[in-house]
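J.: Can you keep this structure in mind? I'll have questions shortly.
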Amino acid sequence: HYLLRQGLRTKAEAEKYFAETVRANQVEAAINEFAEKRYNRHLSIVANVPSDFIENYQYHTTSDGNLSLLRMKLLLIIFCRHAIISLFSLIISTRTWLFIFVFLICAFEASLLTHSYPNVTVFRVIFEVIRAFGGCGLSMEYSTSSPNLVSAFTVPSKIILIFSMCMGRHRGLLDSMKDQEEIEYSAQTLIQSWRHLAMYEQQQQKKRVKKRKQITTVPYNFSSLTSYISTRF
């Protein structure tokens, strides 16, 4: 029963698809006919225009530079599109956020990044950010009283390190979401291809049935004709 329902459903979809295709072809043919009539009318109008007017018109159109303006607009649109895509990929990149975290911590701890505190350097800040991103418990020493360098940081720097730990814990989530989207898109494409294949097979089957009917009608007429001839003689 399930296969029967699926077959009936596919048959209905195929009939609907072919009806829409025929309707679209009719509309397209009507549009092409209208465009051809309009083009022929335009050619007849142009043929009746004096040659001096045509030469002046061509001179003015070429001097305006509309083609170069359209090319510049197209180039600008393509450049803006690629710039937006590149900027979005740069924003969601992990390396970009790690660089931002290092920069913010160095800005918040500018009072410690001096010669008075030789244990706090940019290299150690980078190490702490990467350690938090990787989920490693290792930390550099600040002094004998506080063996952890993060204890000398301010609250905003510690919050940034917490964010980097969360990012490291869920790293690869965006890529997995993209892979899942590609898999779903591939599955949808496969289903559409199967549907078109079923429609094509149904169309071919209808053609074969029609040919069989034509073939079966021909011998019947021929046999009746021969019987008529034999009885006549």
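The values are calculated or read from the model by the stated rules, or taken from the named source; none is laboratory data. Treat the numbers as computed from the prediction; the structure is a model and nothing was measured.
J.: Report whether or not Q203 is at pLDDT 70 or above and part of a helix (DSSP H, G or I).
T.: yes
J.: Another question, then. For P156, are the conditions met, namely being at pLDDT 75 or above and not in a helix (DSSP H, G or I)?
T.: For P156, the condition - at pLDDT 75 or above and not in a helix (DSSP H, G or I) - is not met.
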